[in-house]
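A short reminder: the numbers here are calculations on the coordinates, not readings from a lab. Treat the numbers as computed from the prediction; the structure is a model and nothing was measured. A quick note on method: Cβ atoms are made from the backbone with ideal geometry, for glycine too, and the neighbour counts reach across all protein chains shown.
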Amino acid sequence: MDFGLSKEQEMMRKEMKHFCKKELSKEYVQWMDENVDFPPDELWQKFVDIGFFKSSIPEEYGGDALSYLDQMIIYEEICKASMSVALAVGTTSGFGPRFIAELGTKEQKEKYLPLIGEGKLKTCMALTEPAGGTDILGAISTFAEEKQDRWVLNGEKVFITAAHASDYMITICKTESDAKPSRSLSVFLVPSASKGITITRIPKISCHHCDSVGITFSNVEIPHENLLGTKGNGWYEMLTVLNPERIACAIMGVGLIAAAYEDAFAYAQQRQAFGGPISRFQILQHYLADIYINMENSRNLTYKAAWLCDHGKPYHMEATMAKLVASEGALHAGRFGAEILGGYGICMEYPMQRYLRDAYQLQFSPISNEMSKNMMMQFQGLPKSWA
Ligand SMILES: Cc1cc2nc3c(=O)[nH]c(=O)nc-3n(C[C@H](O)[C@H](O)[C@H](O)COP(=O)(O)OP(=O)(O)OC[C@H]3O[C@@H](n4cnc5c(N)ncnc54)[C@H](O)[C@@H]3O)c2cc1C
């Protein structure tokens, strides 16, 4: 059994760490968090220049086709610097290539994948609706009606990350009125510039420089060829594509924990009380030890899930566990990291408050921790506890 990373993987991590240190300084990330709802174009271009968007694109479409583990190693560094930036670039490098490479026709792959790899086309994924995200099959009512040469979409989505900045929304709609819910969905590539789309901001405490927004589709017409995959089979197709998303969300938690640990550790060493650094107090050392343990546990689980995914082995249990442990660990790290910083833990001047705010988002997105536990026990063979 080998827990080591290869030389190439260590090099990739080092390069991304270097990039993040240079381009995502704490000051710049704070500026973004206070001023923008999506990373500026100049920053996007820097990700393009280092070839980031090629990492998940298959080689035949101009990409680097990195393994999922390699992608997570790189992504962890971005998550550590800014979860918002990680989400912003991740909705394009994750959703776009996965949906199109898995479900697309040859023409769709040739048309879209090279553009995504070149960073010229941004994507998001619009599944959740106002009626609920956990019982998604019960909640979806956005309908795509098939006309001769087009589809006409009506309905509403909510909490869609990066939709306000995307060129294409990968949108899951009902297409069958009479079929059972799991046989009633289809996936579409919806051009964001289509007439009839309205975007609504949703102010929230987390990830300020990557908004998640509401979308209304009002008689939105899209070309017939923008169906991705098979009509009516969208539920099963989407699940296959979305499964790795839990691993990507787990690595966000790992990045947040690592950032909170690093900042709290440094602060404890320089802050003085009662004639010496506060790092000598046992209780603060225990806080740090717990954060460190959570970081190791979540990273190991996440890497293992990615490895299993790369090797074509079942990974759902590990991916679900990784998301759960990493998101809870991130919230804990923000909470106790802030404790170590005392009053400064909640001051906007320090990033600790951002880690804490951002960590909340991971508790229920893309799947709530309650539902994660339901699924884990279902994977273990216990009776399905919901529905
Ligand atoms: C910031 C943010 C970004 C997001 N980005 C995207 C995106 O890009 N695209 C997208 O499609 N969606 C996105 N989502 C939606 C996300 O996936 C949903 O919020 C999530 O699935 C939970 O749905 P809900 O918020 O409607 O909560 P609900 O489904 O209403 O759940 C409310 C509570 O009930 C609990 N619950 C429900 N059913 C059960 C059960 N059977 N057993 C136990 N507990 C249960 C839940 O765990 C939760 O605690 C995002 C959400 C947020 C907040």
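DSSP loop GluC sites (Glu not before Pro) in segment 253-360 with at most 13 other Cβ atoms within 10 Å of their Cβ, which ones?
On the way: sites: E262, E296, E318, E328, E339, E349; in loops: E349.
For GluC sites (Glu not before Pro) across segment 253-360 that sit outside H, G, I, E and B with at most 13 neighbouring Cβ atoms in 10 Å, the list reads E349.
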- Task: Search the structure for amide H atoms under 5 Å from the amide H of E129, placed 1.01 Å from N in the peptide plane, and list their residues when 5 or more places away or on another chain.
- Result: V158
- Note on the structure: For S25 and E339, extending 7 Å from Cα along the Cα-Cβ vector and measuring point to point gives, in nm, a value of 3.3 nm
- Item | Vicinal HN-Hα couplings computed from phi for segment 122-132 (Karplus, 6.51 cos²θ - 1.76 cosθ + 1.60; Hz; Gly/Pro x) | 9, 10, 9, 10, 10, 10, 5, 10, x, 6, x
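Do any of K174/K231; K46/K122; K46/K120; K46/K204; K157/K204 go past 18 Å between their Cα atoms, and which?
Numbers: K174/K231 9 Å; K46/K122 15 Å; K46/K120 13 Å; K46/K204 27 Å; K157/K204 16 Å.
Long pairs (Cα-Cα over 18 Å): K46/K204.
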- Distance in nm between pseudo-label sites at S177 and E262 (7 Å out along the Cβ direction from Cα): 5.6 nm
- Message: What percentages make up the Cα-Cα pair-distance distribution of the chain when the bins are 10 Å wide from 0?
- Response: 5, 23, 33, 25, 10, 3, 1, 0
- Message: Give me a comma-separated list of calculated 3J(HN,Hα) values for segment 190-202, in order, Karplus coefficients 6.51, -1.76, 1.60 applied at θ = phi - 60°, integers in Hz, x for any Gly or Pro.
- Response: 9, x, 5, 7, 4, 5, x, 9, 10, 9, 10, 5, 10
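R0 = 30 Å: FRET efficiency of A131 with L382, Cβ-based, nearest 0.05?
Working: r = 27 Å, r/R0 = 0.91.
FRET efficiency, A131 to L382: 0.65.
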- Of M321, M83, M377, the one that fluctuates the most in a GNM where the chain has Cα springs shorter than 10 Å: M377
- Message: Can you compute the FRET efficiency between K231 and D2 using 1/(1 + (r/R0)^6), with r the Cβ-Cβ distance and R0 = 45 Å? Round to the nearest 0.05.
- Response: 0.50
- Added length on full extension, which subtracts the Cα-Cα distance from 0.36 nm per residue, N243 to H224: 4.1 nm
- Task: Using only C-alpha atoms and all pairs of different ones, pull out the Kirkwood radius for segment 275-340 in Å with one decimal.
- Result: 13.1 Å
- Could you give the longest part of the chain that holds none of the trypsin sites (Lys or Arg not before Pro) found in DSSP loops with at most 10 neighbouring Cβ atoms within 10 Å? 196-383
- Computed [θ] at 222 nm, deg cm²/dmol, the chain (DSSP H ≥ 4; -39,500 (n - 2.57); rounded to nearest 500): -16000 deg cm²/dmol
- Placing each pseudo-label 7 Å from Cα in the direction of the beta carbon, K313 and E118 end up separated by a distance in nanometres of 4.0 nm
- Query: Which is the longest stretch in the chain that no exposed loop site breaks, taking sites as chymotrypsin sites (Phe, Trp or Tyr not before Pro) with a DSSP loop state and at most 14 other Cβ atoms within 10 Å?
  - Reply: 4-273
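Classify segment 7-122 as rounded, prolate or oblate, taking a ≥ b ≥ c as the square roots of the eigenvalues of its Cα gyration tensor: rounded when a/c is under 1.5, otherwise prolate if a/b is larger than b/c and oblate if not. Provide the component values of the computation, followed by the final result.
Values: a/c = 2.30, a/b = 1.46, b/c = 1.58.
Cα axes put segment 7-122 in the oblate bin.
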